[in-house]
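Quick note: the coordinates plus some simple rules give every number you see, no bench work behind them. Fair warning: this is a prediction, and the values are worked out from it, not measured in the lab. Cβ atoms come from the backbone with ideal geometry, glycine included; neighbour counts cover every protein chain shown.
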Amino acid sequence: MGAKSRQATSSSRSTSKVLDDSVTDAMLAAETTLEIDSPSDPAQVTRVVRNAKRGCFVLQALFNLVPVTAETLLNGQPLASS
């Protein structure tokens with residue numbers, strides 16, 4: 001079983017002004033397409049794809065909205081965040 005093509009797209013909104021310290025970005029949507037050419041049984045392909053989606057950390061984070069934390073260290077010390 002092999003993937004013929006993979007495609008991922010997203011749309012976002014950005015009002016970025018890095019020099020003004022006013023960057024704000026938002027992801028508005030994400031879409032994936034997986035096209036498979038295979039002589040395998042469709043039920044088997046369905047199981048493989050379903051398990052691949054279940055095992056994808058990125059998809060699961062988007063589907064299940066997990067808490068996200070981010071820390072920055074400068075010279076081993078936490079950098080103040082805003």
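So what's the projected area for the chain, the Cα convex hull averaged over all directions, in nm²? Here the figure is 8.6 nm², rounded to one decimal. Counting only Cβ charges, +1 for Lys and Arg and -1 for Asp and Glu, the dipole size of region 2-78 around its Cα centre is about 320 debye. Dipole of the chain computed with +1 at Lys/Arg Cβ and -1 at Asp/Glu Cβ about the Cα centre; of N64, V45, A29, farthest Cα towards the positive end is V45. The angle between the Cα long axis of helix 42-54 and the main principal axis of the chain comes to about 10°, on a 0 to 90 degree scale.
Each peptide in 42-53, 63-74 gets a packing score, the mean of other Cβ atoms within 10 Å over its residues, and the list from highest to lowest is 42-53, 63-74.
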